[in-house]
Amino acid sequence: MRYSSVYLLCVPALVLVGLLLAAPLYSTVAQTFGGEVALFGRYGAFFENAFNRDVFFRTLKIALITTVIAAALGYPTAYFISQAGPKWRSLLILCAVLPLLTSSVVRSFSWIVILGRKGSVNTLLMKLHVIDAPLRLLFNEISVVIGLTYLFLPLMILSLVGVMENIEDDLMDAATSLGAPRIKAFFAVIVPLSLPGLVVGAVLVFTGSLTSFTTPQLLGGDGSTVLSTLIFRQAMVLFDWDGAATIATMMVVLTLSVITAINMAARRLNPAA
Amino acid sequence: MPTLELRKICASYGDNRILTDLDLEVADGDFVSLLGESGCGKTTTLRVVAGFLRADSGGVLLDGEDYTRRPPNRRGFGYVFQSYALFPHLNVFDNVAFGLRQRKVAREEVRRRVDEMLEVVGLAALRDRLSKSLSGGQKQRVALARALVIKPDLLLFDEPLSNLDAKLRVKMRVEIRRLQQEFKITTLYVTHDQEECFSISDKVTVMNDGVIEQFDRPEHIFSQPASPFVARFVGFENFFQLRHQGMSDGRHQLVAADGTKFEAPDRQTIPGGRLLGAVRPEAIALGPAARTGQAGEIAGSIAFRTYLGRGYQYIVQTALGDLTVNGEDQQPFATGDTVTLRVPPDRMVLLGDA
Ligand SMILES: Nc1ncnc2c1ncn2[C@@H]1O[C@H](COP(=O)(O)OP(=O)(O)OP(=O)(O)O)[C@@H](O)[C@H]1O
Ligand SMILES: [Mg+2]
């Protein structure tokens, strides 16, 4: 077999990607510029509407908050897992990914049970007399953030553990022997060296949260519409396919710009990565 | 400059006991090596000294001060790792400056001292290079500079040269010794390379399975090993069980199980219990079969011959078992030849047989 013919092996995958990804993407983007409107007319119209603007910034805000919380919770967890012995490590990783094995619908529903008026959280707080009346924990931005964090935390942990495992143990010892207390050594050595894992994790969590549909649909209320649920409404309730395509295109652009921004920030912090 | 003392150190990983009642003293300004086979606990000992590993019991003292529970960042020891452990995200300058910055040394002085140290180890030209883009020898120098620049009270090396090629190893070990003497730093050096160890150390500690077998000057370890283990380690290959039969002509008179007589110089003290005589392959004289009845004569026949480049090595079958003997180039013996071996009295070392 000639070497170049090896490339032929890629053809089936390329055809599949072309048919299922590139073509629909092209037609979606093309649709937003078609018809009797000015060049960016549909985008302008979208942002003229105050409700749409709120949805846009809320989506961005929820995705960012989820990413930050997932990073804050995932970082120590991942470090702990990476420092555990080999036996414990596999067990802990299994525990971390276990939620990924159930459907996101089921996982979102479980939060309805936990956060509802008569859910476990409210019942417990009432019993302890911390509160008199049940808190409104469900169908708002908080419940969406909680649901999304729960959904995507494993991805953050996994990408961090992968990187942290490969940081040489001797580096922490080297830093402490040179006079750095453990906590300072952690920030001087582990943090910069695990940045690539944080970037991958952040990108996964951010894009996942930005585009997720089930969780905001089930856990969000009328006041917490996000772009994905808005697309659903435009397309399936209002049958405004042009409008839905416009929002979809914006989400793609938004995702790509945030990924670029995160990457650039990471490169500035750590030129070696 | 301070003296390091280890007192009855016991250390383990989990339930696995690695060091047992280890005593060691490194005197002021001395260069002491820990020599031993892979897995005998050399790195573990260094890690206890550095404070990376907490000993189960026993004490680490520096100049009489108890360091046992002091965290590594407050010990002020320089540690050179086998893997170098350079910070891959920092350049050469920042790697070397790391320790000074932890000590809140002023910016200007950090610059001056780091540049000075890079000059000393010959890396001034590479100061802005990322550490992961360096060659093995260059990394080794950075690691050395990084440990030296903090003016450590004690310098610890864990097989620092094992990843370098043979030529560079010799060059670097001379350099390490030169710097150690120039800065007069008390040093504990781990290696499993005998030659390296003997060539640069003031004293050598031979370790076996978590205990110290002998602590002595390199020349003594080489000529007067204190245990069968050390003897084997430094190249004694022939051992016979002996019985002591008193003194005569100012020499120890000894006899082997088959009646062969041996003599040994009286400067050797006789260990109690069972005796073992140890002889190097090159110490035994090999000649054609001819008995004179003198002590130290063994009859045998050549069982096997290998060429060493400089002379031959023979495995000789004797009543005392198979002995390893080195012979000259001129008239090699052939397999099956009957020969007589002579062990000169002053070439036999007497050991207690554990
Ligand atoms: N982190 C660890 N956890 C468990 N056991 C360990 C650990 N590090 C070392 N050991 C065990 O402790 C024993 C001594 O190890 P140590 O690293 O001190 O050997 P060494 O003399 O330095 O050997 P080498 O010349 O191969 O470096 C070995 O049997 C090793 O398997
Ligand atoms: Mg070792």
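None of B:Ile315, B:Ile302 is within 16 Å of B:Asn238 (Cα to Cα) and buried (at least 18 other Cβ atoms within 10 Å of the Cβ) except B:Ile302. Under 9 Å between Cβ atoms, which residue pairs at least 6 apart in sequence (or on different chains) link something in segment B:37-56 that is closer than 15 Å to B:Gln82 by Cβ with a partner that is among the acidic types (Asp, Glu) and within 12 Å of ligand 2 (Cβ to nearest atom)? If the second residue must be among the acidic types (Asp, Glu) and within 12 Å of ligand 2 (Cβ to nearest atom), the pairs left are B:Lys42/B:Asp158; B:Lys42/B:Glu159; B:Thr43/B:Asp158; B:Thr43/B:Glu159; B:Leu46/B:Asp158; B:Arg47/B:Asp158.
Residue-level check: of (1) touching a residue at least 12 places away in the same chain (Cβ under 8 Å); (2) closer than 20 Å to B:Asp23 by Cβ, B:Glu237 misses just (2). If you go through segment B:190-205 and pick out every residue that is more than 12 Å from ligand 1 (Cβ to nearest atom) and in contact with a helix residue (DSSP H, G or I) (Cβ under 7 Å, 6 or more places away or on another chain), you end up with 6. When B:Val234 is tested against (1) of a type in the set (Val, Ile, Thr); (2) touching a strand residue (DSSP E or B) at 6+ places or on another chain (Cβ under 6 Å); (3) crowded, with 18+ Cβ neighbours inside 10 Å, exactly one condition is not met: (2). Applying the condition of being in a loop (DSSP other than H, G, I, E, B) and within 14 Å of another protein chain (Cβ to nearest Cβ) to segment A:229-273 and asking which residue is modelled with the lowest pLDDT yields A:Ala273.
Within segment B:255-296, if we keep just the residues that are touching a residue at least 60 places away in the same chain (Cβ under 8 Å) and acidic (Asp, Glu), the residue that is farthest from B:Ser227 (Cα to Cα) turns out to be B:Asp258. In this entry, A:Ser120 is excluded by the filter for residues that are of a type in the set (S, T, N, Q), more than 14 Å from every other protein chain (Cβ to nearest Cβ) and crowded, with 21+ Cβ neighbours inside 10 Å. Looking at segment B:84-96, which of its residues are more than 7 Å from every other protein chain (Cβ to nearest Cβ) and touching a residue at least 40 places away in the same chain (Cβ under 8 Å)? Passing the criteria: B:Tyr84, B:Leu86, B:Leu90, B:Asn91, B:Val92, B:Asn95, B:Val96.
Being more than 19 Å from the chain's Cα centre (by Cα), buried (at least 21 other Cβ atoms within 10 Å of the Cβ), away from ligand 2 (no atom under 16 Å from the Cβ) and in a helix (DSSP H, G or I) narrows it down to one residue among B:Arg146, B:Arg173; which is it?
B:Arg146
For segment B:71-83, taking the residues that are in contact (Cβ under 8 Å) with a residue 60 or more places away in the chain and not small (Gly, Ala, Ser), the one that is nearest to ligand 1 (Cβ to nearest atom) is identified as B:Gln82. On inspection, B:Thr44 qualifies as within 16 Å of ligand 1 (Cβ to nearest atom) and assigned by TED's automatic domain parsing to the domain that holds B:Gly14. Considering only residues in segment B:1-25 that are away from every other protein chain (no Cβ under 14 Å) and within 10 Å of ligand 1 (Cβ to nearest atom), the one that is surrounded by the most Cβ atoms within 10 Å (Cβ to Cβ) turns out to be B:Leu19.
Would segment B:300-321 turn up any residue that is among the β-branched types (Val, Ile, Thr), in contact with a helix residue (DSSP H, G or I) (Cβ under 9 Å, 6 or more places away or on another chain) and either assigned by TED's automatic domain parsing to the domain that holds B:Asn208 or in a strand (DSSP E or B) (or both)? Looking through segment B:300-321, none of the residues is among the β-branched types (Val, Ile, Thr), in contact with a helix residue (DSSP H, G or I) (Cβ under 9 Å, 6 or more places away or on another chain) and either assigned by TED's automatic domain parsing to the domain that holds B:Asn208 or in a strand (DSSP E or B) (or both).
Report whether or not B:Thr45 is among the polar types (S, T, N, Q), buried (at least 18 other Cβ atoms within 10 Å of the Cβ), under 22 Å from B:Thr186 (Cβ atoms) and away from chain A (no Cβ under 14 Å).
When the stated conditions are applied, B:Thr45 passes them.
All told, B:Tyr79 falls short of being out of contact with any strand residue (DSSP E or B) (no Cβ under 6 Å at 6 or more places or on another chain) and surrounded by 23 or more Cβ atoms within 10 Å (Cβ to Cβ). What about A:Thr67, is it over 30 Å from A:Asn140 (Cβ atoms), part of a helix (DSSP H, G or I), polar (S, T, N, Q) and touching a residue at least 24 places away in the same chain (Cβ under 8 Å)? Against the criterion (over 30 Å from A:Asn140 (Cβ atoms), part of a helix (DSSP H, G or I), polar (S, T, N, Q) and touching a residue at least 24 places away in the same chain (Cβ under 8 Å)), A:Thr67 does not qualify.
Would it be correct to say that B:Leu86 is more than 16 Å from ligand 2 (Cβ to nearest atom), assigned by TED's automatic domain parsing to the domain that holds B:Arg146 and outside any helix (DSSP H, G or I)? Taking the combined requirement at face value, the residue satisfies it.
Could you count how many residues in segment B:35-51 are within 24 Å of B:Ile200 (Cβ to Cβ) and either touching a helix residue (DSSP H, G or I) at 6+ places or on another chain (Cβ under 6 Å) or more than 16 Å from ligand 2 (Cβ to nearest atom) (or both)?
Qualifying residue count, segment B:35-51: 3.
Can you confirm whether segment B:26-34 contains a residue that is among the aromatic types (Phe, Trp, Tyr), more than 16 Å from ligand 2 (Cβ to nearest atom), more than 14 Å from chain A (Cβ to nearest Cβ) and closer than 23 Å to B:Phe215 by Cα? Yes.
The residues on offer are A:Val205, A:Val226, A:Val258, and the sole one that is more than 26 Å from A:Gly41 (Cα to Cα) and buried (at least 16 other Cβ atoms within 10 Å of the Cβ) is A:Val205. Residues considered: A:Leu178, A:Leu193, A:Leu153. Of these, the only one that is of a type in the set (A, V, I, L, M), in the same structural domain as A:Ser82 (by TED's automatic domain parsing) and within 19 Å of the chain's Cα centre (by Cα) is A:Leu153.
The values are calculated or read from the model by the stated rules, or taken from the named source; none is laboratory data. Predicted model, so just to flag it, every value in this text is computed and none were measured. Backbone-built Cβ (ideal geometry, glycine too); neighbour counts: all protein chains shown.
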